[in-house]
Amino acid sequence: MKLSGKKALITGGNSGIGLATAKLFVEQGAQVAITGRDQKTLDEAAALLGPGARAYRADVTNREERKQLFEALAKDFGKLDIVFANAGISGSTPTGSTDEAVFENIININLNGVFFTINAAAPLLNDGGSIIINGSVHNYLGAPGYAAYAATKGGVVSMARAIAGDLAPRNIRVNVVAPGATKTPIWTRGASSSAPDEARQKRVAAIAAGIPLGRWGEPEELAKAALFLASDDSSYVNAVELMVDGGATGAPFGAPMFRQ
Ligand code: NDP
């Protein structure tokens, strides 16, 4: 087991990549705290994960809820060894027609929420710990309609480097895992969920055609990358952005859509 005796916090651990990672971390011997906003999915996740995990309702953007979360973690867990700042939302912010509140909400959750989670976790982290931030291929894609989301996912990479500098004296490593298209509920939340089935299936296929491996990622594949960054297997890996995207950013012209 790669995480025996380790204590981990995973924000957004009640869904998608966070939940798959919580499951793998528990299997690998860690005690895991998961957070999210939705009490129903938090309860379901806690039941699925069993005694190795505890769920806490806390919005990463809410100062008071964060304070209560970290007080509870200090009481229930004592110290932490691993923080996976994973919670995030997507959202459309086309240039020329975007409301400020929509833009700011994405920045607030995906960027401010990540920093203030790590800021509050730092005093609880054991020396030699590991911090992982969930990034995205949108740091590179230049996808239309994604200015706010892309800014947050580029922002967390530069932020990770600065935090790695801050925490280097304590031998705490700080890395980003950057997923490509991964099969999670993020794709069916909000406005896109009202699109007709056929339109959605077309979009799914179009995205797969732009990925050299020709398919979407599974949340479990992201969990395995997070486990690598959390465990001693990556003991000399620090301040990197690990792309887990089937080659979408590294070899885009190898994608099925470019094959004769
Ligand atoms: P999901 O929608 O399945 O999970 C998102 C998680 O974030 C949920 O657990 C949600 O909890 C939590 N969350 C959202 N807002 C808040 C908030 N304000 N406070 C606390 N928790 C919050 O999506 P994924 O698993 O796909 O997303 C996880 C991360 O992966 C995100 O950062 C996303 O940007 C990134 N990513 C995902 C990709 C994909 O294709 N799936 C691609 C690239 C990056 P709740 O529902 O309770 O609010």
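Residues of the stretch 1-30 being within 14 Å of the ligand (Cβ to nearest atom), part of a loop (DSSP other than H, G, I, E, B), open to solvent by 10 Å² or more (accessible area, probe 1.4 Å) and not hydroxyl-bearing (Ser, Thr, Tyr), which ones?
Initial filter on the stretch 1-30 (within 14 Å of the ligand (Cβ to nearest atom)): 9-24.
Remaining after also requiring part of a loop (DSSP other than H, G, I, E, B): 12-15.
Then keep just the ones that are open to solvent by 10 Å² or more (accessible area, probe 1.4 Å); that gives 12, 14-15.
Within the stretch 1-30, GLY12, ASN14 qualify.
Could you tell me which residue of the stretch 31-73 is nearest to the ligand (Cβ to nearest atom), considering only residues that are among the polar types (S, T, N, Q), open to solvent by 20 Å² or more (accessible area, probe 1.4 Å) and touching a residue at least 40 places away in the same chain (Cβ under 8 Å)? Reasoning before the result, please.
Pass one, the stretch 31-73, residues among the polar types (S, T, N, Q): 31, 35, 39, 41, 61-62, 68.
Keeping just the survivors that are open to solvent by 20 Å² or more (accessible area, probe 1.4 Å) gives 31, 39, 41, 61-62, 68.
Within this subset, residues satisfying the condition of being touching a residue at least 40 places away in the same chain (Cβ under 8 Å) are 31, 61.
Values: GLN31: 19, THR61: 5 Å.
So the residue we want is THR61.
So that you can scan it fast, the table gives a plain yes or no per residue for (1) more than 16 Å from LYS2 (Cβ to Cβ); (2) among the hydrophobic types (A, V, I, L, M, F, W, C); (3) open to solvent by 40 Å² or more (accessible area, probe 1.4 Å):
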residue	(1), (2), (3)
GLU221	yes, no, yes
ALA225	no, yes, no
MET243	yes, yes, yes
ALA248	yes, yes, no
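Go through the stretch 155-186 and give me each residue that's closer than 16 Å to ASN110 by Cα, part of a helix (DSSP H, G or I) and not β-branched (Val, Ile, Thr).
Selection gives GLY155, SER158, MET159, ALA160.
I'd like the full set of residues that are hydrophobic (A, V, I, L, M, F, W, C) and open to solvent by less than 10 Å² (accessible area, probe 1.4 Å), limited to the stretch 81-115. Spell out the reasoning first.
To start, the set of residues in the stretch 81-115 that are hydrophobic (A, V, I, L, M, F, W, C) comprises 82-85, 87, 89, 101-103, 106-107, 109, 111, 114-115.
Once the filter is applied, which keeps residues that are hydrophobic (A, V, I, L, M, F, W, C) and open to solvent by less than 10 Å² (accessible area, probe 1.4 Å), the stretch 81-115 yields ILE82, VAL83, PHE84, ALA85, ILE106, VAL114.
Please indicate, with yes or no, whether at least one residue in the stretch 197-216 is open to solvent by 50 Å² or more (accessible area, probe 1.4 Å), at pLDDT 95 or above and within 24 Å of LYS6 (Cβ to Cβ).
Among the residues of the stretch 197-216, not one is open to solvent by 50 Å² or more (accessible area, probe 1.4 Å), at pLDDT 95 or above and within 24 Å of LYS6 (Cβ to Cβ), which makes the answer no.
Can you name the number of the only condition in (1) farther than 30 Å from GLY247 by Cα; (2) open to solvent by 40 Å² or more (accessible area, probe 1.4 Å); (3) outside any helix (DSSP H, G or I) that GLY78 fails?
(2)
Does LEU80 fit the bill of being modelled with pLDDT of 95 or more, in contact with a helix residue (DSSP H, G or I) (Cβ under 6 Å, 6 or more places away or on another chain) and more than 26 Å from THR182 (Cα to Cα)? Before you say what the answer is, go through the steps one by one.
On the way: modelled with pLDDT of 95 or more: yes; in contact with a helix residue (DSSP H, G or I) (Cβ under 6 Å, 6 or more places away or on another chain): yes; more than 26 Å from THR182 (Cα to Cα): yes.
So LEU80 passes the test.
Being assigned to a helix (DSSP H, G or I), open to solvent by less than 60 Å² (accessible area, probe 1.4 Å) and within 14 Å of ASP59 (Cβ to Cβ), is that true of even one residue in the stretch 116-126? Give the derivation first.
Step one: filter the stretch 116-126 for residues assigned to a helix (DSSP H, G or I), giving 116-124.
With the extra rule that they be open to solvent by less than 60 Å² (accessible area, probe 1.4 Å), the set shrinks to 117-118, 120-122, 124.
Keeping just the survivors that are within 14 Å of ASP59 (Cβ to Cβ) gives 117, 120.
Looking through the stretch 116-126, at least one residue is assigned to a helix (DSSP H, G or I), open to solvent by less than 60 Å² (accessible area, probe 1.4 Å) and within 14 Å of ASP59 (Cβ to Cβ).
Quickly run through the stretch 133-149 and pick out the residues that are within 11 Å of the ligand (Cβ to nearest atom) and outside any loop (DSSP other than H, G, I, E, B).
Within the stretch 133-149, ILE133, ASN134, VAL137, HIS138, ASN139, TYR149 qualify.
The values are calculated or read from the model by the stated rules, or taken from the named source; none is laboratory data. From a predicted model like this one, the values you see are computed outputs, not experimental measurements. Note that we place each Cβ from the backbone using ideal geometry, even for glycine, and neighbour counts take in every protein chain shown. Keep in mind that these areas ignore ligands, DNA and RNA; they rest on the heavy atoms of the full protein, side chains included. Shrake-Rupley method; radii C 1.70, N 1.55, O 1.52, S 1.80 Å.
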